[in-house]
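Just dropping this structure here.
FYI, it's all coordinate maths here, none of it is from the lab. Model, not experiment: these values are computed from the prediction. Cβ coordinates were reconstructed from backbone atoms using ideal geometry, including for glycine residues, and neighbour counts include every protein chain displayed.
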Amino acid sequence: MAVSTTGWPTLPALPDSATAAVLGSGLLQELSYAFSGPFHFLLPEAFDANLRDLRAALDEAGVDGSVYYAKKANKAALWVERCSLNGAGVDVASLGELREALGHGVRGEDLVVTGPAKGRDLLRPAVQHGALIAVDSLGELDDLITTVLSGARRPARLLLRCLPPDQPHSRFGMNEAELSAATDRCLRAGDAVRMEGFSFHLSGYAIQPRADLAAHLVGLCLKARVQGLEAGRISIGGGLPMSYTDADSWHTFLSEQNSGHYHAGKSFSTGDFYPYYAPASGADALRALLAARPEGHGGSLAGLLKEAGVELLMEPGRALLDRAGATVFRVQGVKERDGYRILTVDGSSLSLSEQWFNSEYLPDPYLVPGSTGAPSETPSSDTPAAETPPAGTWPACVGAATCLESDMVSWRKIPFRRPPGVGDLLVYPNTAGYQMDSNESPFHDLAIPPKVVVDHTERPRPRWRLDRHFT
Ligand SMILES: *Cc1c(COP(=O)(O)O)cnc(C)c1O
């Protein structure tokens, strides 16, 4: 599928009917004109579907579990509103995120508060609202107990976060000795705390290490219960992988691409690319995790959880946002170079964050004509004969509207099938997870791209509204 006859590697995004419907509707051209700059659009139904799929995977395995959306993956209020409507929780790690989650309708009891060395300004409202607090260190546990004793009206609900034995250089969590000291302090704190269990969050996306560590945490729960603590839940954090493309396209891309395919001979270490294809992604990755046999155990993780009566909490960010949005730039300049073009768009790489992690967001952007009616290189453009562009390949990299050499939205010379021109739109697909706003800034006094919630279901034309995130 990705084998390019032209010698230019491509990475087509998986087809998505909702995104295709928006691309074909004419709405994006209107919004680009209205905002005079880049914007993101958000698709609430995709989020709801991802949440349903994760819950279905838990149900199929007969495992008692809860899903908390990891808010840092995208700041939009929309996702919190969907969590509130669907009875899901939210994982917050700052006072601002806590405020946003409560303000958009999620109950305090449905929040989990993560992040290292949380200040008392965060701990106090977290306790008052009955949120579950993942304690990262002994010092933080002491602060939390002091917070409760100095006037909170309810006990602190907490998990103890474990330093992953396989990632000993992680700056998060407590080692075995610290966990055991923390357990003792919880016992001594008596009614001031409710010790509900243990948590971890692993870097990377591998399934087996998560199954192994989850089983280890179940063991810690059983021990803590013997000591008289509640210890009925574990949180496995986030890191459910997600596929942006198919296996063939991804492997072909990796084997074909070299520095000649990037502007200025730029080269990326392939190990720094996000793994844009995963054999099991989203809910299927959760299924694989529940079915995995943890090291040293005879049965599956699901069986172990059920046997121990331990609830499984998870904090997916990216996996809940799969297919839930895209990012739209307008081409405002085109320059010819040796055999390729340099496009300049109306925004910057601060609105497509991958560039800030020694990497690049690789799924191919769609080239959409700036005025409706012109031929469109959209997901459906492979089929209708009437829209077939003239044969040919026009490779182009994508630069930002800033004065930095390094500010490229795509270093890669993307092989477009028609010549991109001023006024065309570039739509980067599937950007809701981490790409949109983790690095956004009003650098150069460029406006921060607005987020538009698009409702395209059961109506001839999609309608839209602005997201309600408080900025
Ligand atoms: C970032 C983070 C998550 C979400 O990770 P994803 O890879 O987006 O699923 C969950 N839990 C914690 C503690 C995190 O720091």
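Need the full-extension length gain, residue 455 to residue 255, defined as separation in residues times 0.36 nm minus the C-alpha distance. One decimal, nm.
68.1 nm
Something else now. Could you list 451, 223 in order of exposure, starting from the residue whose Cβ has the fewest other Cβ atoms within 10 Å?
Listing 451, 223 from fewest to most nearby Cβ atoms yields 223, 451.
Simple spin-label model, 7 Å along Cα-to-Cβ: residue 107 to residue 128 in nm?
It works out to 2.0 nm between the two label points.
Follow-up. On a 27 Å Cα-Cα criterion, which of the cross-link pairs 72/451; 72/118; 75/266; 223/306 come out too long?
75/266
If you don't mind, there's one more thing I want to ask. DSSP loop chymotrypsin sites (Phe, Trp or Tyr not before Pro) in the stretch 410-471 with at most 14 other Cβ atoms within 10 Å of their Cβ, which ones?
In loop regions of the stretch 410-471 (DSSP not H, G, I, E or B), the sparsely surrounded chymotrypsin sites (Phe, Trp or Tyr not before Pro) are 470.
Continuing with the same structure: Could you rank the peptides 130-141, 176-187 by their average count of other C-beta atoms within 10 Å per residue, with the highest value first?
Per-residue mean Cβ counts within 10 Å order the peptides as 130-141, 176-187.
If you don't mind, there's one more thing I want to ask. Starting from the Cα-Cα distance between residue 52 and residue 20, subtract it from 0.36 nm times their residue separation and give me the gain in nm to one decimal.
Full extension of this stretch gives 9.3 nm more.
Now, a different point. Where nothing but the Cβ of Lys and Arg (+1) and of Asp and Glu (-1) is charged, how large is the charge dipole of the chain around its Cα centre, in debye to the nearest 20?
720
Taking the Cα centre of the stretch 3-125 as origin and charging only Cβ (+1 Lys, Arg; -1 Asp, Glu), how large is the dipole, in debye to the nearest 20?
The calculation lands at about 520 debye.
Could you please rank 25, 351, 267, placing first whichever residue has the fewest other Cβ atoms within 10 Å of its Cβ?
Ranking 25, 351, 267 by Cβ neighbours within 10 Å, fewest first, gives 267, 25, 351.
With unit charges on the beta carbon (Lys/Arg positive, Asp/Glu negative), name the residue among 73, 58, 43 whose Cα is farthest towards the positive pole of the charge dipole of the stretch 43-87.
After comparing all options, I get 73.
Another question about this same structure. Evaluate the distance, in nm, between pseudo-label points positioned 7 Å from the Cα of residue 181 and of residue 297 along their respective Cα→Cβ axes.
Result: 2.9 nm between the two label points.
Right, next: Please report, in debye to the nearest 20, how large the charge dipole of the stretch 116-233 is about its Cα centre when each Lys and Arg carries +1 at its beta carbon and each Asp and Glu carries -1 there.
380
Continuing with the same structure: I need the semi-axes of the equivalent ellipsoid of the stretch 146-263: take the C-alpha gyration tensor, multiply each eigenvalue by 5, square-root it, list largest first in whole angstrom.
The three semi-axes for the stretch 146-263 are 41, 15, 13 Å.
Can you sort 261, 129 from fewest to most other Cβ atoms within 10 Å of each residue's own Cβ?
Exposure proxy ranking, most exposed first: 129, 261.
Turning to a different aspect of this structure: What FRET efficiency do you get for residue 443 and residue 146 if R0 is 45 Å and r is their Cβ-Cβ distance, rounded to the nearest 0.05?
0.65
Follow-up. Given the Cα-Cα distance of residue 264 and residue 402 and 0.36 nm per residue of separation, how much length would full extension add, in nm?
Here the answer is 48.0 nm.
Then there's this: Can you grab the distance from the C-alpha centre of the stretch 238-296 to the C-alpha centre of the stretch 3-72, Å, no decimals?
Result: 17 Å between the Cα centres.
So, in nm, how far is label residue 468 from label residue 120 when the simple model puts each one 7 Å beyond its Cα toward the Cβ?
For the pair residue 468/residue 120, the computed spacing is 3.4 nm.
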